Amino acid sequence: MAMRQGERRVRLPEARLAEGRGAAGGCQSGVLSRLARPVAICPVAMGCRALARMIHALALVETSFVAAGAQVWQFASVIRCAMVGERTSIGPYTKVDGAQIGSDCRIEDHCSINPGTVIGDRVFVGPGVRFCNDLWPSTDKEGFESPTRPTVIVEDDVSIGAGAIILPGVRIGKGALVAAGAVVGKSVAPGVVYRRNDWKALQRPADWPKRRMRYVA
Ligand SMILES: CC(C)(COP(=O)(O)OP(=O)(O)OC[C@H]1O[C@@H](n2cnc3c(N)ncnc32)[C@H](O)[C@@H]1OP(=O)(O)O)[C@@H](O)C(=O)NCCC(=O)NCCS
């Protein structure tokens, strides 16, 4: 496929990733094969959806896989065997380091998505969300830079509010919503709203789409 202006090629061949051999090792082969599934290159066959990747000239994409239709915005880094699925957008200043992100996700700006994080499809990650993989951090990072198993799993259709901190060892269930600023230290059940830091979960209200936008006056 022709490259667009400002797009740079990732160095890792897609075929190699599809076989589950990332440059940094330690990737989950199941997610790899899902993310690296063959992509139709005919826009007509794909309902004219834009399939070209957009990697901003000021972004860093290195030894990683960025699928068709994905966007990597300015000053974002996608590094060390990271995987970005089809039509997923990686916002400015976000770091995707050895993590795996599915299709149709929207990752906002200033997020830190670290090795061992596995994110499903249609996931919204608000600005400034941090995914941690080291509960007792120290300068010695051996084993943390390419973990052999997922440290955080975010299932499909999850939304994570601005500034949330996701601690290692949790799974956020399908369709859950994490409130802005929450610290998630325990797994979140599917389809609930998780707020504050007290592990309380509330059912998502049925009218949530109507409550999305609020104005000051
Ligand atoms: C959690 C959330 C969905 C709740 O929405 P809501 O139900 O309409 O909120 P309400 O104003 O009715 O608040 C309900 C209760 O939750 C509390 N609450 C709301 N948001 C909270 C948050 N982020 N952290 C802790 N408590 C929160 C309210 O104080 C209120 O508490 P009370 O019952 O003790 O009075 C929403 O506040 C939120 O955090 N959304 C994410 C926003 C975001 O980050 N967007 C992405 C960037 S644009």
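The values are calculated or read from the model by the stated rules, or taken from the named source; none is laboratory data. Since the structure is predicted, the reported quantities are computational estimates derived from the model, not experimental observations. Cβ: placed from backbone, ideal geometry, glycine included. Neighbour counts: every protein chain shown.
Observations, loosely collected:
- Qualifying strands (runs of 3 or more DSSP E) (wholly inside region 106-217; at least 3 residues being farther than 24 Å from Arg87 by Cα and either touching a residue at least 24 places away in the same chain (Cβ under 8 Å) or among the β-branched types (Val, Ile, Thr) (or both)): none
- Flag if Val154 is surrounded by 21 or more Cβ atoms within 10 Å (Cβ to Cβ), more than 17 Å from the chain's Cα centre (by Cα) and either of a type in the set (D, E, K, R) or away from the ligand (no atom under 11 Å from the Cβ) (or both): no
- Sole exception among (1) more than 8 Å from the ligand (Cβ to nearest atom); (2) modelled with pLDDT of 95 or more; (3) not basic (Lys, Arg) for Gly163, by number: (1)
- Of all residues in region 58-82, those that are in contact with a Cys (Cβ under 7 Å, 6 or more places away or on another chain) and not polar (S, T, N, Q) total 1.
- Within region 166-182, if we keep just the residues that are farther than 19 Å from Asp121 by Cα and surrounded by fewer than 18 Cβ atoms within 10 Å (Cβ to Cβ), the residue that is farthest from the ligand (Cβ to nearest atom) turns out to be Gly169.
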